[in-house]
Structures are given as structure tokens and as C-alpha cells.
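In what follows, a structure is listed as C-alpha cells, so that the remarks can point back to it.
The values are calculated or read from the model by the stated rules, or taken from the named source; none is laboratory data. In this text the structure is predicted, and so the values were computed from the model without any measurement. Cβ: placed from backbone, ideal geometry, glycine included. Neighbour counts: every protein chain shown. These area figures cover heavy atoms from the full protein model, side chains too; ligands, DNA and RNA do not enter into them. Shrake-Rupley method; radii C 1.70, N 1.55, O 1.52, S 1.80 Å.
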Amino acid sequence: MIRYAHTNVIAKDSKKLIEFYKEVFQCKSIGETRDLHGEWLDDLTGIQNSHIVGEHLCLPGYENDHPTLEIFSYDSMEESTTAINKCGIAHIAFEVDDVEKTLNLLLQKGGKQIGEVVRAEYENGRKAVFVYATDCEGNIVELQSWS
């Protein structure tokens, strides 16, 4: 069996970022908090004296068992740059009822807008509204709405 399980985001402040995703994207707590340390974690991460805290949040539109957004903080973390066109995982996308309304809430909660809100029409007649933004820690999220 193969089944998608979760996406992990390493946060500067896991508590703050967890609240951001709960408030803006209606992710919900499912009782899967973590306070991890020990030799097994050091071996897994390759980091001596690793300590991770955080929580798995159920993504909107899914039941409580999966998939989740795993938001963790390490006691010691490396800085990185955020760019929409970087190699690797670039963003998390959420389908929302109203892109502008969700964008406004995201901005109120400390996120930032990257580009313009755009409307696109596809050859099959489907229409969409998109915008790229960041969460309160600078991770890129895409808001999209389809009709």
C-alpha cells in the first residue's frame, strides 16, 4: 500500500504557525502533538541532541486520520531563503471559496502577498482565481478557487 501521509514545515515558532494555519486555512487539531528527543531521533536526523516540538494538523476537507500538515520546531535550526522559483518543494496550495477574502484574513494574521490576484480561463471552460502569498513565517502558499 502507498498512501500520502503528511507535509512537514519547520517553523521558527511552531505554536504561532500552528495557530496561523488553524485560523486562516481551518486546519484542525487532532491530538497529535509531538515533543521528540532521544538517540533514535539523533540517528534519524543526523543532528546530535535533537529536540522537536510541534503538532500534526488535519488538512481542511479531510477526516481526522490523514493527510496532515506537520508543523515542527527544532531547538536549533538553519536559515534558508524563500523564492517562488526555487528548486524543490515550492509551496502548499489551498482551494478556497473566496480567494480575496482568504487573502485578506491571511494578511491580517501576518502573511504577505507575493504577486497579483489573477483570473484564468482554461480551454475546457473552467475558470480559476489564483494568488501566491506567504504564511506568517514566509512559507509560500497558493490560494485558488475554481468554477
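Among the residues of segment 1-57, count how many are surrounded by 17 or more Cβ atoms within 10 Å (Cβ to Cβ) and either hydroxyl-bearing (Ser, Thr, Tyr) or at pLDDT below 90 (or both).
Final tally of qualifying residues: 3.
Taking segment 102-147 as the region of interest, how many residues are open to solvent by 50 Å² or more (accessible area, probe 1.4 Å), assigned to a loop (DSSP other than H, G, I, E, B) and of a type in the set (Asp, Glu)? Explain how you work it out, then say what you get.
We begin by selecting, within segment 102-147, every residue open to solvent by 50 Å² or more (accessible area, probe 1.4 Å); these are 104-105, 107-109, 112-114, 116, 118-119, 121-124, 126-127, 132, 146-147.
Applying the additional criterion that residues be assigned to a loop (DSSP other than H, G, I, E, B) yields 109, 114, 116, 122-124, 126, 147.
The next check asks that each one be of a type in the set (Asp, Glu); those that pass are 116, 123.
Residues meeting the conditions: 2.
Open to solvent by less than 70 Å² (accessible area, probe 1.4 Å), of a type outside the set (D, E, K, R), within 17 Å of the chain's Cα centre (by Cα) and farther than 19 Å from residue 25 by Cβ: does that describe residue 99? Before the answer, list the steps.
Values: open to solvent by less than 70 Å² (accessible area, probe 1.4 Å): yes; of a type outside the set (D, E, K, R): yes; within 17 Å of the chain's Cα centre (by Cα): yes; farther than 19 Å from residue 25 by Cβ: no.
In short, no.
If we scan segment 85-94, do we find a residue that is touching a Pro at 6+ places or on another chain (Cβ under 8 Å) and part of a strand (DSSP E or B)? Quick ask: steps written out before the conclusion?
Filtering segment 85-94 down to residues touching a Pro at 6+ places or on another chain (Cβ under 8 Å) leaves 94.
Next cut, part of a strand (DSSP E or B) only: 94.
Yes, segment 85-94 has at least one match.
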